[in-house]
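The values are calculated or read from the model by the stated rules, or taken from the named source; none is laboratory data. What you see is a predicted model; the values in this text were computed from it and never measured. Here the Cβ positions follow ideal geometry from the backbone for every residue, glycine too, while neighbour counts run over all protein chains shown. Ligands, DNA and RNA are excluded from the accessible area calculation, which covers all protein heavy atoms including side chains. Shrake-Rupley method; radii C 1.70, N 1.55, O 1.52, S 1.80 Å.
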Amino acid sequence: MKGLVDKPRRKALPAPHAGERYEDPSFSAAVIAWQKRHGRHKLPWQNTRDAYRVWLSEIMLQQTQVAAVIPYYQRFLERCPDVFSLAAAPSEDVMALWSGLGYYTRARNLHKCAQRVVEQYGGRFPDDPDLLADLPGIGRSTAAAIAAFSYGRRAAILDGNVKRVFARVFGIDGYPGAKPIEDKLWLRAVALLPDEGIESYTQGLMDLGATLCVRGKPSCATCPLAGRCVALAQDRVGELPVSKPKKAVPERETVMLVVTHGADVLLEQRPDSGIWGGLLSLPEIAVGDAAQFDGAVRTLVQPYGELEGCRKLQPFSHVFTHFKLHVAPFQVALKSRGQRIAQGAMVWYPVHRLADAPLPAPVKKLLLGVLRSDDLLAAV
């Protein structure tokens, strides 16, 4: 373990305007009392002070529903029961375990963070929220949750669920993701922290946003904050929080090739940066007319074998955070495999192992659907 770590400096938030006071002990008391009686208490990552398990769950729960996270969380613990085993795991194993959970930067940062914790902190996650927030993939809110649940530290969270609760209860106009609005939300989040019961309070805010104060049809009748909710009193529950201003979603197109020979399929390792970073995927080509397509296919597969035939598959689209990708897939069969084996980013991959391969979810779905319907699986 290295020597003392310099504590990172957090940018100071602007001071509240004159007359703005956010302190209210009755707010945290209501949240804590409700959570103890009606909150969630039996999730797999609860009832533990193991910072590794808490951290793993918090990273997985970023932008992902609890029901989707649970099986991934359990598989990760089976393969990597502690931070040391995760840090030592090959990157392809980590990506394979994460495959299908989406937002793959989280998986790369998860691996880097485990290695940093082992190298820099001897395998023990720091209890200081500022030090936690300096680790890969851990922002201020996630750091606060880890510190609260693992060490009982008094720190404020402000994830999407909490922003929605605050926006409705306090009648906050403006898009919560905008810097001026978010700064004010942080001021409020810090001011409302209880002196005691930080674990129940933190979990209570999460539970309220996930189970009662949901986006579509909130359960206001059973909410412990209904009596103080500005949005409910003003009949603005459907308006708050204010939605992000809409922008035109860029659209892109690509051609993916399912190149097969025998019981193997040709896959390509994607670079660490960019979409589906670090995962295996299908070779892609960008083409215009039919003549270009035929030439591009022959050029790509020529080092790997003799082309036998090509057929068009069902096109599909996949929506990312910032754009929509339209995919035109083609299956390319090789008559024989060339002397040159796959090199560099290309690799021949056995069809029978695709279910556990580190593939993007839409690509895995395509491959399993296409290759299951052929005679390839029968040849395994």
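Based on this model, can you work out whether Arg53 counts as more than 18 Å from the chain's Cα centre (by Cα) and at pLDDT 95 or above? So Arg53 does not fit the description; no. For the stretch 287-295, check the following and say yes or no: at least one residue is open to solvent by less than 20 Å² (accessible area, probe 1.4 Å), in contact with a strand residue (DSSP E or B) (Cβ under 7 Å, 6 or more places away or on another chain) and at pLDDT below 90. No, the stretch 287-295 contains no residue that is open to solvent by less than 20 Å² (accessible area, probe 1.4 Å), in contact with a strand residue (DSSP E or B) (Cβ under 7 Å, 6 or more places away or on another chain) and at pLDDT below 90.
Which one of these is within 19 Å of Thr48 (Cβ to Cβ), among the basic types (Lys, Arg) and either modelled with pLDDT of 95 or more or open to solvent by 30 Å² or more (accessible area, probe 1.4 Å) (or both): Arg140, Arg124, Arg164? Reasoning before the result, please.
Details: Arg140 fails: within 19 Å of Thr48 (Cβ to Cβ); Arg164 fails: within 19 Å of Thr48 (Cβ to Cβ).
Step by step, each of Arg140, Arg124, Arg164 is checked, and only Arg124 is within 19 Å of Thr48 (Cβ to Cβ), among the basic types (Lys, Arg) and either modelled with pLDDT of 95 or more or open to solvent by 30 Å² or more (accessible area, probe 1.4 Å) (or both).
One residue stands out in the stretch 272-282 among those that are in contact (Cβ under 8 Å) with a residue 40 or more places away in the chain and part of a loop (DSSP other than H, G, I, E, B): the one that is nearest to Leu97 (Cα to Cα), namely Leu279.
Of all residues in the stretch 39-50, none are of a type outside the set (D, E, K, R) and in a helix (DSSP H, G or I).
Residues considered: Leu266, Leu257, Leu279. Of these, the only one that is aliphatic (A, V, I, L, M), under 19 Å from the mean Cα position of the chain (by Cα) and open to solvent by less than 20 Å² (accessible area, probe 1.4 Å) is Leu279. Of (1) under 22 Å from Leu212 (Cβ atoms); (2) outside any helix (DSSP H, G or I), Phe166 satisfies all except one. Which? Single failed check for Phe166: (2). Within the stretch 88-105, the set of residues being open to solvent by 20 Å² or more (accessible area, probe 1.4 Å) and in a helix (DSSP H, G or I) comprises Ala88, Ser91, Glu92, Asp93, Ala96, Leu97, Thr105. The number of residues in the stretch 187-216 being under 23 Å from the mean Cα position of the chain (by Cα), hydrophobic (A, V, I, L, M, F, W, C) and outside any helix (DSSP H, G or I) comes to 2. State the number of residues belonging to the stretch 234-251 that are under 25 Å from the mean Cα position of the chain (by Cα) and either of a type in the set (Asp, Glu) or at pLDDT 90 or above (or both). Total meeting the criteria: 6.
Sort out which residues of the stretch 211-225 are surrounded by fewer than 18 Cβ atoms within 10 Å (Cβ to Cβ) and at pLDDT 95 or above, and write them in order of number.
First, pick out the residues of the stretch 211-225 that are surrounded by fewer than 18 Cβ atoms within 10 Å (Cβ to Cβ): 211, 214-217, 219-222.
Once the filter is applied, which keeps residues that are surrounded by fewer than 18 Cβ atoms within 10 Å (Cβ to Cβ) and at pLDDT 95 or above, the stretch 211-225 yields Thr211, Val214, Ser219, Cys220, Ala221, Thr222.
Considering the conditions (1) at positive phi; (2) over 24 Å from the mean Cα position of the chain (by Cα), Gly338 is excluded by exactly one of them, (1).
Among the residues of the stretch 167-178, just one is closer than 26 Å to Asp195 by Cβ and open to solvent by 40 Å² or more (accessible area, probe 1.4 Å), namely Phe170. Condition test on Arg49, is it under 19 Å from Tyr103 (Cβ atoms), in contact with a helix residue (DSSP H, G or I) (Cβ under 7 Å, 6 or more places away or on another chain) and among the basic types (Lys, Arg)? So Arg49 does not fit the description; no.
Restricting attention to the stretch 226-240, which residues are hydrophobic (A, V, I, L, M, F, W, C), open to solvent by less than 80 Å² (accessible area, probe 1.4 Å) and farther than 20 Å from Arg37 by Cα? Lay out the reasoning, then the answer.
Residues of the stretch 226-240 hydrophobic (A, V, I, L, M, F, W, C): 226, 229-233, 237, 240.
Next cut, open to solvent by less than 80 Å² (accessible area, probe 1.4 Å) only: 226, 229-232, 237, 240.
Cys229, Val230, Ala231, Leu232, Val237, Leu240 - these are the residues of the stretch 226-240 that are hydrophobic (A, V, I, L, M, F, W, C), open to solvent by less than 80 Å² (accessible area, probe 1.4 Å) and farther than 20 Å from Arg37 by Cα.
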